[in-house]
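Written below as structure tokens is the structure these notes are about.
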Amino acid sequence: MSCSGLTPLKETDIVATRFRWIATGVLAVVATSAARVEAAMNDMEPLSIHVLIQDETKIPPATLAAARTIATRIFRDVGVRIEWLDSDSALSVKALGEADRSAFWKALYTVHVVTRVTAAAPGNALGFASPGTRVSTVVYQRVEQMSRDAGTDPAVVLGHAMAHELGHLLLRRASHSAAGLMQASLDVQRSAQGRVSFTAEEAQSIRIGLANNR
Ligand SMILES: [Zn+2]
């Protein structure tokens, strides 16, 4: 873990009482984050997110269902349950009480599936996401192209693309990893075999992020 906010103490004239007070404060922070890490890594602690798919492409229902199953499995492996929503269920949130509504919005992420390339989609990316927001986009034309090229069910590519873009949002970073689901390019053959997932480090980071966000 990196922490850019920590710098070495340079002042030599800090009085002892003040130093002790600072040291106590630091210990308290360390204890709190250690407890959070332990809680977040405890498989008994349920963590979940709501994911709303806004599908402008009219994906075949069987493909969408299979893609959801794949993304559900990828997140279940890191201890996060996905509750899938469509536009109708999002609207029904209005019926919830204020506290429930607040919890709902806090856990809500959106995958916008667009038909074809837009100016915002870089290069030949399958999708894009802006960490710091709750919205990601998958370009279905590219999903179909990649699955055609690889001779694979589009659900395999779509499921992994959705999980990858959600990964950017949950990890709060735009960068890619050297291995696994968060690599810059998708290994379609390994994906089809169910062998592409978050790394252990990413899993921990996602769980801690969600636990801290509650
Ligand atoms: Zn990416």
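The set of residues in segment 114-144 being free of Cβ contacts under 8 Å to residues at least 24 places away in the same chain, small (G, A, S) and within 12 Å of the ligand (Cβ to nearest atom) consists of A121, G123, A125.
Each residue in segment 145-167 was checked for being within 13 Å of the ligand (Cβ to nearest atom), touching a residue at least 40 places away in the same chain (Cβ under 8 Å) and out of contact with any Phe, Trp or Tyr (no Cβ under 8 Å at 6 or more places or on another chain), and 2 of them qualify.
The rows are residues; the columns are (1) within 15 Å of V188 (Cβ to Cβ); (2) in contact with a Pro (Cβ under 6 Å, 6 or more places away or on another chain); (3) among the aliphatic types (A, V, I, L, M).
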{"position": "A99", "(1), (2), (3)": "no, no, yes"}
{"position": "Y109", "(1), (2), (3)": "no, no, no"}
{"position": "T115", "(1), (2), (3)": "no, no, no"}
{"position": "A155", "(1), (2), (3)": "yes, no, yes"}
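For V117, the conditions (1) over 28 Å from R81 (Cβ atoms); (2) among the β-branched types (V, I, T); (3) out of contact with any helix residue (DSSP H, G or I) (no Cβ under 7 Å at 6 or more places or on another chain) all hold with the exception of (3). When A179, A129 are checked against the criterion of being touching a strand residue (DSSP E or B) at 6+ places or on another chain (Cβ under 9 Å) and at negative phi, a single residue qualifies: A129. Among the residues of segment 179-193, those identified as away from the ligand (no atom under 13 Å from the Cβ) and more than 22 Å from P61 (Cβ to Cβ) are A179, D187, V188, Q189, R190, Q193. From the list S102, S130, S147, the one residue that fits, being modelled with pLDDT under 95 and over 21 Å from S205 (Cβ atoms), is S102. Would you confirm whether any residue within segment 63-79 is of a type in the set (A, V, I, L, M), over 16 Å from G209 (Cα atoms), at pLDDT 95 or above and more than 22 Å from the chain's Cα centre (by Cα)? No, every residue in segment 63-79 fails to be of a type in the set (A, V, I, L, M), over 16 Å from G209 (Cα atoms), at pLDDT 95 or above and more than 22 Å from the chain's Cα centre (by Cα).
The values are calculated or read from the model by the stated rules, or taken from the named source; none is laboratory data. Only a predicted model underlies this, so the values are computations on that prediction, with no experimental measurement involved. We place every Cβ from the backbone using ideal geometry, glycine too, and count neighbours over all the protein chains shown.
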